[in-house]
Every structure is written in structure tokens, then in C-alpha cells.
Amino acid sequence: MSSEKTWHVIYTRPRSEKKVSQVLARKNIESYCALNKSVHQWADRKKTIYQPLFDNYVFVHIYESEQRIVKQTDGVLNFVYWLGQPAVIKNEEIEAIKNFLQEHEDVRLEKVNVNTAERVKVEEEPLVYQDGSGLDLKNQAVKLTIPSLGCAMIAEVRKSSVEIIQQYKPAVSKIA
């Protein structure tokens, strides 16, 4: 058994992500429900809405021995598995998701092949000087690749606030 806490993904009933996260908190299980902020405009008002970014997914930071407690939680269907084991998400990826959602709204998800073309650095507050190989820029959007989930988070941003700091150059080999 592992003596370290690791992040895992649990699969929940539809539209139960927030509730499951709250129930886990009452059980003293650290969880994270990634909430996407969006502003909706009606004829008479504006309202800020927080909806789960990952449908049916909640992240849990647990010891291996706590898996049973998580599975027995109302609204939890199962862990997401990879190669016969509960999938492990890197701490850095969870932090990247949290930071990205704090800094951007109306984020959307896209399935991707895990391979970024270039490293970029965002120079405008609030992501000042935060860089990483998972961050990519296309048109007027910033894309953060989350390799262990096989997806990218995309948010609109002004291109002037992002600077390319390293162009990806694939290795070239000569065929004899």
C-alpha cells in the first residue's frame, strides 16, 4: 500500500459533481470539483454561474486505504481506471487546472493528442511569468494540455499578453 496521498478521478452520477465534493468534504476526504465560471446575460440581469468543467468527474486526494470510503459515497459510481488501476493525476496538473480556472472564465474542453508544439509564457497579470510545456497559443485562445486526462482546457485571451519563449523543433534524423 502507498504511504503517500495521490490524486485520482472519480466518476459521479450526472449533475452530482458539486454534491459529491461536499459529501466527501464532510467525510474529511480532500476533493476538487473543477468549476468553470461564466457570466450569463438575460434581458434584465447578469448572473455569474459556476458549473463543473469536467462532466461527471471529481478529483480526490487520498491514500490508497481511503478508496473504499470514496466508493461508498452517495453519488460516486467508481474510480476512473487506467491499465486496471485507479488513474493517478499529477499534483502539477491539478494545480495547473486550479490556476487556469482562477485566471480564465468560459473555459471549454477539447480532446487532444498529448504533444504540445511550443512553450509559451503569459506576460500579463494575473498569470505573469507562469510558463509550462502544457501551455499553447492558437489564434486568440490559450490552451493548457492536461496529459493524464487526454484533454486541453481552452480560454480566450488577447494574443498581445502571450509571448512565445521556445519554438518546438522536432528531432531530424538523416536516412542513410
task = Arrange S3, S148 by Cβ neighbour counts within 10 Å, fewest through most, would you?
result = S3, S148
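Which trypsin sites (Lys or Arg not before Pro) in segment 17-85 sit in a loop by DSSP (not H, G, I, E or B) and have at most 16 other Cβ atoms within 10 Å of their own Cβ?
On the way: sites: K18, K19, R26, K27, K37, R45, K46, K47, R68, K71; in loops: K27, R45.
Of the trypsin sites (Lys or Arg not before Pro), the ones in loops of segment 17-85 whose Cβ has at most 16 other Cβ atoms within 10 Å are K27, R45.
With the cut-off at 15 Å, report for segment 1-89 the share of all Cα pairs above it, as a whole percent. Don't skip to the end; give the middle numbers.
Numbers: 2313 of 3916 pairs.
The share of Cα pairs beyond 15 Å in segment 1-89 comes to 59 percent.
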ask   = Spin-label point model (7 Å from Cα, Cβ direction): what's the R68 to E110 distance in nm?
value = 4.5 nm
request  = Calculate, in nm to one decimal, what R45 and E92 gain on full extension: separation in residues at 0.36 nm each, minus their alpha carbon distance.
outcome  = 13.1 nm
task = Run the quick spin-label model on N78 and H61: label points 7 Å from Cα toward the beta carbon, then report their separation in nm to one decimal.
result = 2.7 nm
task = Would you please give the residues with an amide H less than 5 Å from that of T12, counting only those at least 5 places away or on a separate chain, with H modeled from the backbone geometry?
result = Y57, V58, L77
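Since every read-out is calculated from the coordinates, none of them should be taken as a lab result. What you see is a predicted model; the values in this text were computed from it and never measured. Reconstructed Cβ throughout: ideal geometry from the backbone, glycine too, with neighbour counts over all protein chains shown.
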